[in-house]
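Structure record follows, encoded as structure tokens.
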Amino acid sequence: MRPKGIIIAIDGPTASGKSTTAKLVANALGYLHLNTGAMYRAVALLADKEGVTEADGRLSDLLKQAEITFEATGAVCLNGRNISADIDSLEIALRASELSTIGFVREHLVERQRKIARDGGVVLEGRDIGTVVFPDAELKIFLVADPAARAVRRQHEMEEHGRHIAIEEMKAQLAERDKRDRERKLSPLKKADDAIEIDTTSLSIEEQVQKVIDLARSVSK
């Protein structure tokens, strides 16, 4: 059982530092780390495996049958199998972004996210946590970073998985993803009015994590 605590919502665009920050903050506080983007990627992976398209009526049934869980280590499991490595690809990320624009997909996953995190002691990361999933979260963070810095970060992530993407192509892909996330009708990416913005462009991982930890402890007093 995780300790009692607050709900921390961390939002921001791709490669702004959400995942690393959320994971390390959760570890430091003894909280659960809930990567909501991983849930959409899990659905994308399952849809690809089953050959189900966005227009396929089977997608709703497939979604209802999918069991997506998070282990204490941060591993993402689909129907009991660790899929963390399987969903860490650009193709799955793009497919997940497309699926996230479908109303019943978002509604279903948001309901699951709220159920998992409703008792607090959790750090959630995504693009609509502070605005839609938990608009009453005790602490809302919105991470931003210079587009060029984000492209370099994402490029390094891909290279760690044995895939090289030219920096200009990476910038174009991130710009396309940002445009889709910000302009979608359902739960677009945007900063909540009461969110605290942190620019991670020139911050080390340790610095940005410590900023969030300090804010969390201040709110928890």
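What follows is calculated from the coordinates using simple rules that are stated; it is not laboratory data. What you see is a predicted model, and the numbers here were worked out from it, not measured in a lab. Ideal geometry is used to build each Cβ from the backbone, glycine not excepted, and the neighbour counts take in all protein chains shown.
Compute the distance from the alpha-carbon center of the stretch 104-119 to that of the stretch 50-103, in whole Å.
First find each Cα centre; the distance between them is then 14 Å.
Counting Lys +1, Arg +1, Asp -1, Glu -1, what net charge surrounds A22 among other residues with beta carbon under 14 Å of its beta carbon?
Cβ neighbours under 14 Å give a net charge of +3.
With the chain treated as a Gaussian network of Cα nodes joined by springs under 10 Å, which of Q65, Q208, Q155 yields the largest mean-square fluctuation?
Q65
Quick one: which residues, 5+ away or cross-chain, put their amide H under 5 Å from the amide H of I198? H built at 1.01 Å from N.
F142, L143, V144
Which whole-Hz couplings ³J(HN,Hα) result when phi for each residue of the stretch 105-111 is put into the Karplus expression 6.51 cos²θ - 1.76 cosθ + 1.60, θ = phi - 60°, listed in order with x for Gly and Pro?
With coefficients 6.51, -1.76 and 1.60, one gets 5, 4, 4, 5, 6, 4, 4 Hz.
I'd like the antiparallel share, as a percent to the nearest 5, of DSSP beta bridges with both residues in the stretch 7-213.
25
Where Rh is the Kirkwood radius over the Cα pairs of the stretch 7-213, the temperature 10 °C and the viscosity 1.306 mPa s, what D in µm²/s does Stokes-Einstein return?
Translational D for this selection: 92 µm²/s.
How many Lys pairs in the stretch 7-213 lie less than 22 angstrom apart by Cα atoms, where the lysines are 8 or more positions apart or on different chains?
26
Choose one of V122, I196, A85: the residue whose Cα lies farthest towards the positive end of the charge dipole of the chain (beta-carbon charges +1 Lys, Arg; -1 Asp, Glu; about the Cα centre).
Farthest towards the positive pole: V122.
Can you compute the charge dipole magnitude of the chain about its Cα centre, using +1 on each Lys and Arg Cβ and -1 on each Asp and Glu Cβ, nothing else charged? Give it in debye, rounded to the nearest 20.
I would put it at about 480 debye.
Between R81 and R182, what is 0.36 nm times their sequence separation minus the Cα-Cα distance? Round to one decimal in nm.
33.1 nm
Per residue of the stretch 129-141, what does 6.51 cos²θ - 1.76 cosθ + 1.60 with θ = phi - 60° give for ³J(HN,Hα)? Whole Hz please, x for Gly and Pro, Karplus curve as stated.
Each residue of the stretch 129-141 in turn: 5, x, 9, 10, 5, 9, x, 9, 4, 5, 9, 10, 10 Hz.
Could you name the aspartates and glutamates in cross-link range of K221, using Cα to Cα under 20 Å and dropping any fewer than eight places away on the same chain?
Reachable aspartates and glutamates: D119, D136, E138, D194.
How high is the FRET efficiency from A28 to S202, r the C-beta distance, R0 35 Å, rounded to 0.05?
According to the calculation, E is roughly 0.95.
Based on the Cβ-Cβ distance from E169 to S220, what FRET efficiency comes out when R0 is 41 Å, to the nearest 0.05?
0.45
Under a plain spin-label model, where a point goes 7 Å from the Cα along Cα-to-Cβ, how far apart in nm are D61 and E111?
Each label point is offset 7 Å from its Cα along the Cβ direction, giving 1.8 nm.
Distance from a point 7 Å along Cα→Cβ of S89 to each backbone N in the stretch 42-65: keep the residues under 20 Å and list them by number.
Correct set: 42-54.
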